[in-house]
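Take a look at the structure below.
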Amino acid sequence: MPESITIRINGRPVAVEPGITVAAALARRGQLAFRRSPSGQPRGPLCGISLCFECLVRINGLPERACRVYCTPELEIRFDEV
């Protein structure tokens with residue numbers, strides 16, 4: 001298994017460990033908020049077990065919960081700059 005794989009976060013290539021979730025990969029880079037609530041509050045992972053939708057991002061163009069998706073090579077992740 002390779003030591004790292006490359007994903008893209010908001011268009012930038014990032015090396016991450018294989019088998020890590022998108023939420024964990026973002027958190028390791030210091031990104032803890034991925035979007036804003038309707039009232040403008042920053043939102044990011046809350047439950048960590050895919051019960052809520054606080055970690056919602058776009059993965060390969062589709063809305064997904066970041067805690068449910070594992071990083072694979074060439075994954076494209078997009079979220080609002082919070």
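Summary of computed values
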quantity	calculated
Inter-label distance, nm, simple model (7 Å from Cα along the C-beta direction), C47/N60	2.4 nm
Percent carbon-and-sulfur accessible area, the chain, ignoring ligands, DNA and RNA, probe 1.4 Å	52 percent
Dipole moment magnitude, nearest 20 debye, the chain about Cα centre, only Lys, Arg, Asp, Glu C-beta charged	240 debye
Inter-label distance for E74 and R12, nm, one decimal - labels placed 7 Å from Cα along Cα-to-Cβ	2.3 nm
Average accessible surface area per residue within the chain, 1.4 Å rolling probe, Å²	62 Å²
Percent of Cα pairs exceeding the 14 Å cut-off, where the set is the chain	58 percent
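The values are calculated or read from the model by the stated rules, or taken from the named source; none is laboratory data. A quick note: this is a predicted structure, and the numbers were derived from the prediction, not measured. Virtual Cβ from ideal backbone geometry, glycine too; neighbours counted across all protein chains shown. Areas reflect the complete protein model, heavy atoms only, side chains present, ligands, DNA and RNA absent. Shrake-Rupley method; radii C 1.70, N 1.55, O 1.52, S 1.80 Å.
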